[in-house]
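Taken together, the values in this text are just the output of simple stated rules run on the coordinates, not laboratory data. From a predicted model like this one, the values you see are computed outputs, not experimental measurements. Reconstructed Cβ throughout: ideal geometry from the backbone, glycine too, with neighbour counts over all protein chains shown.
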Amino acid sequence: MPLDLDMIRTAFPGREIVWLDRCASTMIEAARLAARGCASGSTVVAEEQTAGQGRLGRSWHSEREAGLYVSIVLRLGLAEERARVLSMALGLAAAEAIARAADLRTDLRWPNDVLIGEKKCAGVLVQAEPPAFLAGIGINVNHASFPPDLADIATSLHLASGRPQSRESLLIHLLETVDGFTRMLAEGGREPVLRMFARASSYASGKRVVVDQGGAVLEGVTDGLDSSGFLRLRLPDGSRTTILAGGVRSCS
Ligand code: BTN
């Protein structure tokens, strides 16, 4: 069933919410809205994406009416170097929305993957459209299965909880938590977001991981976040390095 838009619009009167039956990517639609000078918080939600975009040039599996595919235009007055911590704040927001709507415990894998157990149920993509940022959030909600290449690494809230979940309730919680965590960043700076992320993520410290940096692969134990939100890694020879970008996965 398509989303019940009345329910969402009633919860957020005055907010521009664009609903699309199908689009290539909500990021493209949100970039158009931002270019037209829309207000902060303006939201694009699609039932299906034919070219959903993921981090690191990957694609985002966007099965029709099964997930939430959302992009939100944010005008927070943040400098561009805050994008990383913004993406961590959005990971926290997605995790909190999932906890409130589906009563599921999640983990956060740096910088912003939301996991249930070892499997990913949500991802965040931040795109700068100066002076705005686009917050792209994908959540696997009612998928009953995944294609073979994702089956071992992805899950949905339905699969994890054993019951179908309301996408409307999840979207309402998500828009609220995005407002809350982005306000925390805009008003309180990076520190409270990084502190909360470190508490919510088993990956922030003491986790044996493999980091794929587009060719170079590093293995080590995570050693906290620095003040910019980069991940510190202790290497097998005892030296330390800082991970600026890349795909992190657990090696246990
Ligand atoms: C990731 O790789 O983990 C980030 C995935 C982000 C997917 C969302 S779905 C809504 C928005 N539109 C897109 O094309 N991508 C983001």
(request) Can you figure out the FRET efficiency of residue 21 with residue 59, using R₀ = 25 Å and their beta-carbon distance, to the nearest 0.05? (result) 0.80
(message) If you average the C-alpha positions of region 33-82 and of region 171-218 separately, how far apart do those two centres end up, in angstrom?
(response) 18 Å
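If you put +1 on each Lys and Arg Cβ and -1 on each Asp and Glu Cβ, how big is the dipole of the chain around its Cα centre, in Debye rounded to 20? Can you show the working numbers first?
On the way: 28 positive and 29 negative charges, 103 e Å.
It comes to approximately 500 debye.
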(request) As a check on your grasp of the helix formula, calculate [θ] at 222 nm for the chain: sum -39500 (n - 2.57) over DSSP H runs of n ≥ 4, divide by the residue count, round to the nearest 500. (result) -9500 deg cm²/dmol
(message) Nearest 10 degrees is fine. How inclined is helix 167-188 to the longest principal axis of the chain, computing both from alpha carbons?
(response) 60 degrees
(message) With +1 assigned to the C-beta of every Lys and Arg and -1 to the C-beta of every Asp and Glu, and no other charges, what is the dipole magnitude of region 203-250 about the Cα centre in debye, to the nearest 20?
(response) 120 debye
(request) Note down the relative contact order for region 5-199 as a percent, whole number, built from C-alpha pairs under 8 angstrom at least six residues apart. (result) 21 percent
(request) Rank the residues 5, 108 as a footprinting-exposure proxy: fewest other Cβ atoms within 10 Å of their Cβ go first. (result) 5, 108
(message) Please arrange 196, 7, 1 by how many other C-beta atoms lie within 10 Å of their C-beta, fewest to most.
(response) 1, 7, 196
(request) Treat the count of other C-beta atoms within 10 Å as a stand-in for reagent exposure and order 239, 145, 25 from fewest to most. (result) 239, 145, 25
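Assuming R0 = 35 Å, what is the FRET efficiency of residue 28 and residue 152, from their Cβ-Cβ distance, to the nearest 0.05?
0.70
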(request) Convert each backbone phi in region 201-206 into a coupling constant with the Karplus relation 6.51 cos²θ - 1.76 cosθ + 1.60 (shift: θ = phi - 60°), then list the ³J(HN,Hα) values in order as whole Hz, x for Gly and Pro. (result) 10, 6, 8, 5, 8, x
(message) I'd like the Karplus ³J(HN,Hα) series for region 157-162: coefficients 6.51, -1.76, 1.60, θ = phi - 60°, whole numbers in Hz, and an x wherever there's a Gly or Pro.
(response) 5, 4, 4, 6, 9, x
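Plugging the Kirkwood radius over Cα pairs into Stokes-Einstein for the chain, at a temperature of 37 °C and a viscosity of 0.692 mPa s, what D comes out in µm²/s?
Roughly 179 µm²/s, to the nearest whole number.
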(message) Let me check I've understood the local charge: for residue 5, count other residues with C-beta under 14 angstrom from its C-beta, Lys and Arg +1, Asp and Glu -1. What total comes out?
(response) -4
(request) Apply 1/(1 + (r/R0)^6) to the Cβ-Cβ distance of residue 6 and residue 210, taking R0 = 51 Å, and write down the FRET efficiency to the nearest 0.05. (result) 0.65
